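Colleague: There's a structure below that I have some questions on.
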Amino acid sequence: MPVQAVSAGAILFRDTRGRREYLLLKSRPGDWEFPKGGVEGEEELQQTAIREVREEAGIGDFRLLDGFRRDYDYVFQAGGKTIHKTVHLFVARSFEASAELSSEHRDLQWRDYEQAINTITQDGPRDILREAHEFLDELDETE
């Protein structure tokens, strides 16, 4: 019976010189991903996402946007156990131009959409980035 694990995080973007860029973090195993991590205690998913952006990217001035939450899941082995992890991703606008690398990651990069899609190494996050990008394009059209 797999152990159930729940994580939350954010697809963090910034607008730089009229172009939208997304923050990607390179994990220790080498996957490029978004800031995310496990739910602690009685945290709500949005609280976890906010804490993880602060911890993993060193960004404090950002805002989660209403109306977007997508999930993906995967199974992996750790410590002799099978773990089924569900990850909940929100979209967040960063008001800071730079991020700080945490000890949990090897690298971080702000990438435009095409670069980000081609950099992300897992299908679930890549598919959700496509949806987030479309969501943001639609928001831009209504502003």
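Colleague: Which one of these is basic (Lys, Arg) and touching a helix residue (DSSP H, G or I) at 6+ places or on another chain (Cβ under 9 Å): ARG70, ARG63, ARG51, ARG106? Don't jump to the end; show me each part of the working.
Modeller: Numbers: ARG63 fails: touching a helix residue (DSSP H, G or I) at 6+ places or on another chain (Cβ under 9 Å); ARG51 fails: touching a helix residue (DSSP H, G or I) at 6+ places or on another chain (Cβ under 9 Å); ARG106 fails: touching a helix residue (DSSP H, G or I) at 6+ places or on another chain (Cβ under 9 Å).
Going through ARG70, ARG63, ARG51, ARG106 in turn, just one is basic (Lys, Arg) and touching a helix residue (DSSP H, G or I) at 6+ places or on another chain (Cβ under 9 Å): ARG70.
Colleague: Turning to a different aspect of this structure: Could you go through the range 40-54 and let me know if any residue there is among the polar types (S, T, N, Q) and assigned to a strand (DSSP E or B).
Modeller: No; the residues of the range 40-54 include none that is among the polar types (S, T, N, Q) and assigned to a strand (DSSP E or B).
Colleague: Please go through the range 77-97 and pick out each residue that is surrounded by 12 or more Cβ atoms within 10 Å (Cβ to Cβ) and either of a type in the set (S, T, N, Q) or assigned to a strand (DSSP E or B) (or both).
Modeller: Of everything in the range 77-97, those that are surrounded by 12 or more Cβ atoms within 10 Å (Cβ to Cβ) and either of a type in the set (S, T, N, Q) or assigned to a strand (DSSP E or B) (or both) turn out to be ILE83, HIS84, LYS85, THR86, VAL87, HIS88, LEU89, PHE90, VAL91, ALA92, ARG93, SER94.
Results for (1) surrounded by 11 or more Cβ atoms within 10 Å (Cβ to Cβ); (2) at pLDDT 95 or above; (3) over 14 Å from the mean Cα position of the chain (by Cα), shown as yes or no for each residue.
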{"site": "SER103", "(1), (2), (3)": "no, no, yes"}
{"site": "ASP107", "(1), (2), (3)": "yes, no, yes"}
{"site": "ILE117", "(1), (2), (3)": "yes, yes, no"}
{"site": "GLN122", "(1), (2), (3)": "yes, no, no"}
{"site": "ARG126", "(1), (2), (3)": "yes, yes, no"}
{"site": "LEU129", "(1), (2), (3)": "yes, yes, no"}
{"site": "ALA132", "(1), (2), (3)": "yes, yes, no"}
{"site": "PHE135", "(1), (2), (3)": "yes, yes, yes"}
{"site": "GLU141", "(1), (2), (3)": "no, no, yes"}
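Colleague: Looking at the range 73-84, I want the residues that are under 16 Å from GLN122 (Cβ atoms) and in contact (Cβ under 8 Å) with a residue 40 or more places away in the chain and have a partner that is assigned to a strand (DSSP E or B) and among the acidic types (Asp, Glu) with Cβ atoms under 8 Å, at least 6 apart or on another chain. Which pairs are those?
Modeller: What qualifies is HIS84/ASP73.
The values are calculated or read from the model by the stated rules, or taken from the named source; none is laboratory data. Just so it is clear, the structure is predicted and the values come from calculations on it, not from any experiment. Positions of Cβ are generated from backbone atoms using ideal geometry, with glycine treated the same way; all protein chains shown enter the neighbour counts.
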